[in-house]
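Below is one structure; the comments refer to it alone.
The values are calculated or read from the model by the stated rules, or taken from the named source; none is laboratory data. Note that the structure is a prediction, hence the values are computed from the model and not measured. As a convention, Cβ positions derive from the backbone with ideal geometry for all residues, glycine included, and neighbour counts pool all protein chains shown. We work out accessible area using only protein heavy atoms, side chains counted, and drop any ligands, DNA or RNA first. Shrake-Rupley method; radii C 1.70, N 1.55, O 1.52, S 1.80 Å.
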Amino acid sequence: DGGITQSPKYLFRKEGQNVTLSCEQNLNHDAMYWYRQDPGQGLRLIYYSQIVNDFQKGDIAEGYSVSREKKESFPLTVTSAQKNPTAFYLCASSIAWHRSLLMNTEAFFGQGTRLTVV
Amino acid sequence: GEDVEQSLFLSVREGDSSVINCTYTDSSSTYLYWYKQEPGAGLQLLTYIFSNMDMKQDQRLTVLLNKKDKHLSLRIADTQTGDSAIYFCAVSFYNQGGKLIFGQGTELSVKP
């Protein structure tokens, strides 16, 4: 079955460490996204990518880094520069917006990774 | 930028109808979506509407779009305890190249 998979489901990080969250999709989508969710704040966009080897900063990119070496994969690294990394992280994918501005760009979401700093 | 806003909480009794509202500021909306998030899980698409429609019905769900007032609503008929979740509206805007903009989410609590 096609879908989007995030791993791990729970992740613990010590202060000062970098950690990488995995996101893989087999939906043949060009576009992939990372969101951060905190209680009462909805979804905030961290980074997005519309094509392999290209990505753009979202609204809260500071302290995060991404790569897009393969169409299927969009890993997110939470660096030690991120001051408040404890949150629920969601990855999503969709068809790319630039293909047609009038196409349905519905996003498909993974099940999330809960990151806790200990 | 383009704002999408929702009220944060809604409480209803089991069997009643729930109406979750969403407003947005940019008139270049193309597709408008409703997602459901259960605790500790990702978002699942419930339904969507294209901006040239004003209503869409799918079983217990009715979506109403007032494009003039930039107002979207989701009505859930005969609400059940299993409908308790956070509901997000999301809008794609032509002026933003189709990128989805999400509201803050409405936490629906259904009391027996």
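Of all residues being among the charged types (D, E, K, R) and within 15 Å of the chain's Cα centre (by Cα) in the range B:1-10, which is least open to solvent (accessible area, probe 1.4 Å)? Just the residue, please. That would be B:3.
Collect the residues in the range A:48-64 that are over 13 Å from residue A:85 (Cβ atoms) and either within 14 Å of chain B (Cβ to nearest Cβ) or in a strand (DSSP E or B) (or both), keeping them in residue-number order. A:48, A:49, A:50, A:51, A:54, A:55, A:56, A:57, A:58, A:59 - these are the residues of the range A:48-64 that are over 13 Å from residue A:85 (Cβ atoms) and either within 14 Å of chain B (Cβ to nearest Cβ) or in a strand (DSSP E or B) (or both). Among the residues of the range A:87-112, those that are farther than 19 Å from residue A:26 by Cα and modelled with pLDDT of 95 or more comprise A:87, A:88, A:89.
The strands (runs of 3 or more DSSP E) located wholly in the range B:11-112 that include 2 or more residues which are within 11 Å of chain A (Cβ to nearest Cβ), out of contact with any Asp or Glu (no Cβ under 6 Å at 6 or more places or on another chain) and open to solvent by less than 30 Å² (accessible area, probe 1.4 Å) occupy B:29-37, B:43-50, B:85-93, B:100-102. Of all the residues in the range A:62-118, those that are open to solvent by 10 Å² or more (accessible area, probe 1.4 Å) and either touching a residue at least 60 places away in the same chain (Cβ under 8 Å) or among the hydroxyl-bearing types (Ser, Thr, Tyr) (or both) number 19.
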